[in-house]
1. Looking at the chain, identify the longest residue range that excludes and avoids all chymotrypsin sites (Phe, Trp or Tyr not before Pro) in DSSP loops having at most 16 other Cβ atoms within 10 Å.
2. Neighbouring Cβ atoms within 10 Å as the yardstick, rank THR156, THR151, THR140 fewest first.
3. With springs only between Cα atoms under 10 Å apart, run a GNM on the chain and tell me which of SER39, SER187, SER132 wobbles the most.
4. Enumerate by residue number the trypsin sites (Lys or Arg not before Pro) in region 66-123 meeting two conditions: DSSP loop (anything except H, G, I, E, B), and at most 13 other Cβ atoms within 10 Å of the site's Cβ.
5. Pick from GLN61, GLN131, GLN11: which residue has the top mean-square fluctuation in a GNM of the chain where Cα pairs under 10 Å get a spring?
6. Are there GluC sites (Glu not before Pro) in region 31-98 that DSSP marks as loop and that have at most 16 other Cβ atoms within 10 Å, and which are they?
7. So what is the relative contact order of region 9-81, in percent, for Cα pairs below 8 Å that sit 6 or more residues apart?
8. Find out how many positive minus negative residues lie around ASP25, taking Lys and Arg as positive, Asp and Glu as negative, among other residues whose Cβ is under 15 Å from that of ASP25.
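FYI, it's all coordinate maths here, none of it is from the lab. Not measured: the values here are computed from a predicted model. Note that each Cβ is placed from the backbone with ideal geometry, even for glycine, and that neighbours are counted across all protein chains shown.
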Amino acid sequence: MKEPQDEAQVQEATEALRAAVAFIDAHTRGLEMPGDPHSRIALGTLDLAMEYQAGALLLAQHGLFAPVYALLRCIVEATTRGMWLANCATEAEFEAFKHNNFGGKTQYSMIDEIGVKFGREAGVLREMHKQSWRVLNDFTHSGIGHVSRRTGEDFTGPNYPVAEVVQTLRVTSAMGLIAAIQLCELSGHQDVGRQLLAFAEEHKLPSA
């Protein structure tokens, strides 16, 4: 049984995620977007990450953390692909992506190219891949790492460590903000991107 202070920590992290989703929506809704096909595909991928984030919030508000965990991999993947498409993909790679062909590109190689493009290590994306990608896959694909968080000697049901739930919600907040900042950069709304970045920094969330 979770202690009251544990419940309070989860509620606080859920409220922080709600604030991030609300801030993103308030600052990106109705923005004018470029209409060329390349930009539209990249923007659509980043927008998908933002909607995954909003969906994770709705689930968290109802205490449904299994799909929150499962969605985190989707958010990371969509954000990485959107950044790569917007900043790194060649026209040939873009055309291949349109036909669901990555030509041997992996999540890690995309992160490498993003790091080269921006002249830095693409920090949070690289750390997510190095430290957490295997377990994120496990969460999404119902591996033993996820199943083990739902079983015990005398019960079957959710039994997620409180600290892990809080961290999952914080990373979900951060990844949605990263996707939103990239969407603003790509669509020429750098002023809005700076406001989103300031929000991330104020709440001590990684922003790239």
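1. Counting only loop sites that pass the neighbour cut-off, the longest clear stretch is 1-101.
2. So the ranking, lowest neighbour count to highest, is THR156, THR151, THR140.
3. SER132
4. When the trypsin sites (Lys or Arg not before Pro) of region 66-123 are filtered for loop state and at most 13 Cβ neighbours within 10 Å, ARG120 remain.
5. Looking only at GLN61, GLN131, GLN11, the largest GNM fluctuation is found for GLN131.
6. Taking region 31-98 and a limit of 16 other Cβ atoms within 10 Å, the loop GluC sites (Glu not before Pro) found are GLU32.
7. 36 percent.
8. 0
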